[in-house]
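As C-alpha cells, the structure follows; a few thoughts come after it.
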Amino acid sequence: MIERNKKEVWVSNPNINKEAKINISDFIEKVSNVKALRTVESLVFTIYPTSKEEYNKNLKLWDYVNKNTNSLNDKYRKVFNVILPEELFNFLKFSKKSKVNNLVALSLAIRYVNDEYGRNIIEQQVYEPILEKMHSIINKYFYSFLHKDEEYADYEENYPEYFVVLWNKSMEKAQQELIGNSAMFKIISNPFNKINDFKLQVSFMSDRDWNNIILNSSEDSLERVESRQDVFDFWKNNLYLEHSELLEPVD
C-alpha cells in the first residue's frame, strides 16, 4: 500500500473496487487492458484554508492515509494513488486526526504574530473555525509576543538573543502540546516561508474513464499524455499484497 521513494511516499488505494460495489477479481478483469493512469498535480493539503471545502479536503486526506482510501473519490474522479512529501505523510500517518487542524492553526498563529501587515488579510480570508483556533493558540502560547507588553518589548529591543530564547521556548511548548514531534513543524514554523499549500500528485480515472471501463466494461489502455505506467503498476502490485489469495504479481 505504501512505498517510500526519495522524499516521496506513494499511497495506493487497494479498495477502489468497493466504489463500484464489485469484488476485487471482477475489478481486476475490468482493468486488464489498462496500462497507465492519468496522473496530475491536482490535490492540495493547505495550511491556509479559506473555505469549508479546503478545510474538509485536509481531513479527507488524513482519512485516505489512515482508514478510508476511497475518501478522496468524487463524481469527477476515482483515486488510485496519492504521492505525498515524506514529512506530510509521516505527520498524517502518525498523528491523530485532530492534530491536522492543530498544525494548520499553529502555522497561521506563527505567521500572524510575525506579520503585522498581513494580519488583516488573514482575518478576512481564513476559514472561521480555523481562525478561531488560531486566536486560541496565540492567546495561550504567543500572547506576549503579539501584544508586545513592556517586558517583552524591552527584551526584543535590548536583549534580542534572549528574546529569541523566549520565542523558541514558546514555539517548542506549542509544538509538543499541539502536534508532537514532527518534521512538518520545521516547515510551518518559519514565519517567512509563507507556504500556503502542499500540491500533491494524484493518479485516477476520470468519471468518463470509470463509466466506460468499470461500469460498461469497455477496453481502454488509458495511455494519454498525462498518464503514467509506473503508478498503475505500483497500484496493481499493491493489490497483490493486499489480496494475495486472488491476484498474481505484476512482472
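Over 24 Å between C-alpha atoms is what I'm after, so list which of LYS35/LYS57; LYS30/LYS78; LYS169/LYS199 land there.
LYS35/LYS57; LYS169/LYS199
About the centre of its Cα atoms, the chain shows a dipole size close to 500 debye [charges on the beta carbon of Lys, Arg (+1) and Asp, Glu (-1) only; nearest 20 debye].
Each principal axis of the Cα cloud of region 80-212 was taken in turn, and the coordinate range along them, longest first, works out to 69, 31, 23 Å.
Placing +1 on the Cβ of every Lys and Arg and -1 on the Cβ of every Asp and Glu, with nothing else charged, gives region 9-146 a dipole about its Cα centre of roughly 500 debye. Computed from Cα positions, the angle between helix 128-137 and the longest principal axis of the chain comes to roughly 50 degrees.
About its Cα centre, the dipole of region 98-181 is roughly 500 debye, where the only charges are +1 on Lys and Arg Cβ and -1 on Asp and Glu Cβ.
Rg of the Cα atoms in the chain, relative to 2.2 N^0.38 Å, amounts to 1.23.
Could you list ILE110, ILE195, ILE122 in order of exposure, starting from the residue whose Cβ has the fewest other Cβ atoms within 10 Å? Please list the in-between numbers first.
On the way: ILE110 26, ILE195 13, ILE122 17.
Placing the least packed residue first, the sequence is ILE195, ILE122, ILE110.
In region 74-122, which chymotrypsin sites (Phe, Trp or Tyr not before Pro) fall in coil by DSSP and have 11 or fewer other Cβ atoms within 10 Å? Intermediate values should be presented prior to the final figure.
Numbers: sites: TYR76, PHE80, PHE89, PHE91, PHE94, TYR112, TYR117; in loops: TYR76, PHE94.
Those that pass, being in a loop and sparsely packed, are TYR76.
For region 207-229, the residues whose backbone nitrogen is under 16 Å from a point 7 Å from the Cα of ASP74, taken along Cα to Cβ, are 207-208.
For region 72-86, the residues whose amide N sits under 13 Å from a probe point set 7 Å from the Cα of GLU53 along the beta carbon direction are 75-76. Rounded to the nearest whole Hz, the Karplus-based 3J(HN,Hα) values (6.51 cos²θ - 1.76 cosθ + 1.60, θ = phi - 60°) of region 101-115 follow the sequence 5, 4, 4, 5, 5, 5, 4, 5, 4, 4, 5, 4, 5, 8, 10, with x at glycine and proline.
Since every read-out is calculated from the coordinates, none of them should be taken as a lab result. None of these values were measured; they are calculated from a predicted model. As a convention, Cβ positions derive from the backbone with ideal geometry for all residues, glycine included, and neighbour counts pool all protein chains shown.
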